[in-house]
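The values are calculated or read from the model by the stated rules, or taken from the named source; none is laboratory data. What you see is a predicted model, and the numbers here were worked out from it, not measured in a lab. Cβ coordinates were reconstructed from backbone atoms using ideal geometry, including for glycine residues, and neighbour counts include every protein chain displayed. Ligands, DNA and RNA are excluded from the accessible area calculation, which covers all protein heavy atoms including side chains. Shrake-Rupley method; radii C 1.70, N 1.55, O 1.52, S 1.80 Å.
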Amino acid sequence: MKGFVLTDRERAVVAYQAIGLSITRIAFFVGRSRETVRDHLERARIKAGASNAANLIDAAYRFQALPRPAPEPRTFTITARQQRGLELVAQGRTGRGAAQRLGISHQEFEAEIRRLRTLMKATSRAHMVSRGWALRLLE
């Protein structure tokens, strides 16, 4: 992925997605329809060369298309497998693809990600990636 530039509207909807808001809530906050919000997110994803929303958030922080979140103290520890799972989610890997890379079943991977999302208080994988940046689990 190379650096990319988001329009103001794309930046706004990606930032809202990064904090865990649903498409409906984002549409409310930006005063646009859900379809328009989806279009903005899709254009941002294409610009970033991202495969999914989690990968878009990671790319937006990595290439400074969005300001990185302020560091937060971490009050929990994660396993090496959860850390690697978070990194694979941020890279845009599917559950099956990530599980294969980790050498575990798809069900085991999904269970690990659910536990990690709960620990991180994340509402989605995209939000989990954003929290990973704030907690300095990703760089």
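In order along the stretch 119-129, the Karplus-derived 3J(HN,Hα) couplings, from 6.51 cos²θ - 1.76 cosθ + 1.60 at θ = phi - 60°, round to 4, 7, 6, 9, 8, 7, 5, 4, 5, 4, 5 Hz, and Gly and Pro are given as x. Across q = 0.22 Å⁻¹, the chain modelled as identical point scatterers on its alpha-carbon atoms has Debye log10 I(q)/I(0) values of -1.32, in the order of the q list. A simple spin-label model places pseudo-atoms 7 Å from Cα toward Cβ; at R68 and R114 they are separated by 3.3 nm.
With a Förster radius of 41 Å, plug the Cβ-Cβ distance of T79 and F28 into 1/(1 + (r/R0)^6) and report the FRET value to the nearest 0.05.
Working: r = 37 Å, r/R0 = 0.91.
E(calc), rounded to 0.05, equals 0.65.
The alpha-carbon atoms of the stretch 75-138 define a convex hull whose volume equals 71 cubic angstrom per residue.
Can you pull the percent of the chain's accessible area that's carbon plus sulfur, 1.4 Å probe, other chains left in place? If you can, show how the numbers build up before the last one.
Details: 3850 of 7500 Å².
The C+S portion of the solvent-accessible surface of the chain is 51 percent.
Taking each DSSP H run with n ≥ 4 as -39500 (n - 2.57) and averaging over every residue of the chain yields -19000 deg cm²/dmol at 222 nm. A 1.4 Å probe run over the stretch 45-139, with the rest of the protein chains in place, finds 51 Å² accessible per residue.
For the stretch 24-95, applying the loop criterion from DSSP together with a ceiling of 14 other beta carbons within 10 Å to the trypsin sites (Lys or Arg not before Pro) yields R74.
So how much slack lies between S51 and E35, counting 0.36 nm per residue of separation and subtracting their Cα-Cα distance, in nm? Provide the component values of the computation, followed by the final result.
Working: separation 16, 0.36 × 16 = 5.76 nm, distance 1.92 nm.
The S51-E35 span can extend by a further 3.8 nm.
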